[in-house]
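The values are calculated or read from the model by the stated rules, or taken from the named source; none is laboratory data. Fair warning: this is a prediction, and the values are worked out from it, not measured in the lab. Glycine also receives a Cβ, built like all others from the backbone with ideal geometry; neighbour counts cover every protein chain displayed. Each accessible area value is taken on the protein alone, full model and side chains, heavy atoms only, with ligands, DNA and RNA left out. Shrake-Rupley method; radii C 1.70, N 1.55, O 1.52, S 1.80 Å.
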Amino acid sequence: MTHDERVAAAAVAEAAPARPRARLIDVAMAAGVSPKTVSRVINDETGVLPVTRDKVMQTVRDLGFVPDRSARELKRREADTIGILIDAISDPFFAAFVSVVEELAIAEGLSVIFASTGYDAARETAQLDRLTGRRLAGLVVAPVAVPAAVLAGLRNRCPVVTVDRVRSGIDAVVIDDFGAAVEATTALLSHGHRRIAFMGEDVPYPTVSDRLAGYRAALEAAGVAFDPSLVISHERFRAGEAAEASRLLERVDAPTALLCATSLAAIATVRAIRARGLGMPALISFGDFTLAEVLEPGISYVDHDPRLLGAAAFHRLRHLAQYPDDAPSRTVVPTRLVPRGSGEIAPALPLDPIGATR
């Protein structure tokens with residue numbers, strides 16, 4: 001070993017050991033405050049007294065504390081996502097709903113991830129597990145079969161809001177399905193219709209059944225007997241809708257008006273009418289759909305605006321993020337009946353024995 005190498009080795013041996021990197025807990029202990037207070041100070045958050053802030057910052061300088069920026073930013077990114085679990089993105093209602101939630105989230109620097117249940121309970125469970133496997137800033141669920149207890153457990157981890165359907169003890173954003181169906185059916189009755197069909201769907205949640213109940217209540221109030229043969233329902237209108245609608249409208253005692261319980265039911269029914277070259281009865285759709293206004297006549301509809309529901313759900317999530325101990329609430333978004341022509345068609349006059357109308 002040369003003389004210079006011996007000098008360098010001695011200098012290294014005599015040097016003081018390097019001081020371990022200061023941790024956030026070290027700063028908290030030295031400053032006599034909680035780790036949460038230190039975190040608030042270094043993140044420039046509110047809620048810390050000026051004298052405490054100065055003390056913490058001085059301790060930071062004294063200990064040479066350097067915040068782990070990469071870890072903090074990773075944590076923030078993981079918590080800046082809104083999860084949405086809906087029936088199907090192909091449903092016009094939920095497509096518009098997701099769109100407005102995404103717009104509002106982006107405006108606040110948040111991102112959105114969504115999944116669909118396909119109206120299937122097993123798939124709903126799997127999709128919930130996938131969504132909640134990450135750290136969420138909030139969760140919106142259109143529940144199929146998930147029980148309230150499961151959502152209550154998730155609510156302990158992040159804000160949870162249900163939409164379109166309710167679960168006990170969970171915040172919900174809904175419409176008055178029963179009242180809106182009463183209004184739509186009453187409008188058809190006011191135009192002189194007495195044979196009004198209900199085009200529903202066989203689904204495991206109460207939205208359609210509440211609309212059917214409203215339809216029946218309006219008929220009863222008008223003194224019109226309920227005819228179960230005028231109620232058509234089948235699974236999600238995936239198959240058989242043309243045959244169902246055609247058989248109904250080609251009957252000798254065919255209904256003169258239709259109340260379609262969902263926009264998907266209205267789309268399927270209008271498609272069947274056009275395909276068979278049938279005359280257009282009076283028709284009101286529960287929910288709008290693409291190109292409904294350009295059909296002839298335009299399709300009248302119950303406006304349960306998905307954008308209003310999306311905005312209400314998002315704002316409730318953000319409120320719960322600040323006030324997680326708030327009691328669960330139910331927000332009822334108003335509806336309105338929008339006339340476009342189809343819902344205002346009067347029943348055709350019957351023919352007399354020689355073919356003239358009377």
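Structure summary
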| read-out | value |
| --- | --- |
| Among (1) free of Cβ contacts under 8 Å to residues at least 60 places away in the same chain; (2) buried (at least 17 other Cβ atoms within 10 Å of the Cβ); (3) in a helix (DSSP H, G or I), the one test that Q58 misses | (2) |
| Segment 162-186, subset in a helix (DSSP H, G or I) and open to solvent by 50 Å² or more (accessible area, probe 1.4 Å), residue farthest from P334 (Cα to Cα) | T186 |
| Which numbered condition H193 misses (of (1) under 20 Å from the mean Cα position of the chain (by Cα); (2) in a loop (DSSP other than H, G, I, E, B); (3) at pLDDT 95 or above) | (1) |
| Residue match in segment 70-83 (condition: open to solvent by 50 Å² or more (accessible area, probe 1.4 Å), in contact (Cβ under 8 Å) with a residue 24 or more places away in the chain, farther than 23 Å from R316 by Cβ and not in a helix (DSSP H, G or I)) | no |
| Scope segment 86-118; condition in a strand (DSSP E or B) and either surrounded by 15 or more Cβ atoms within 10 Å (Cβ to Cβ) or at pLDDT below 90 (or both); matching residues | I86, V112, F114, A115, S116 |
| Of all residues making up segment 119-161, the number that are in a loop (DSSP other than H, G, I, E, B), of a type in the set (G, A, S) and either under 17 Å from the mean Cα position of the chain (by Cα) or buried (at least 20 other Cβ atoms within 10 Å of the Cβ) (or both) | 3 |
| In segment 154-165, the residues that are farther than 16 Å from D326 by Cα and modelled with pLDDT under 95 | D164, R165 |
| Residue, surrounded by the fewest Cβ atoms within 10 Å (Cβ to Cβ), within segment 289-307, restricted to residues that are part of a loop (DSSP other than H, G, I, E, B) and among the charged types (D, E, K, R) | E296 |
| Test: G277 is open to solvent by 20 Å² or more (accessible area, probe 1.4 Å) and farther than 23 Å from S190 by Cβ | yes |
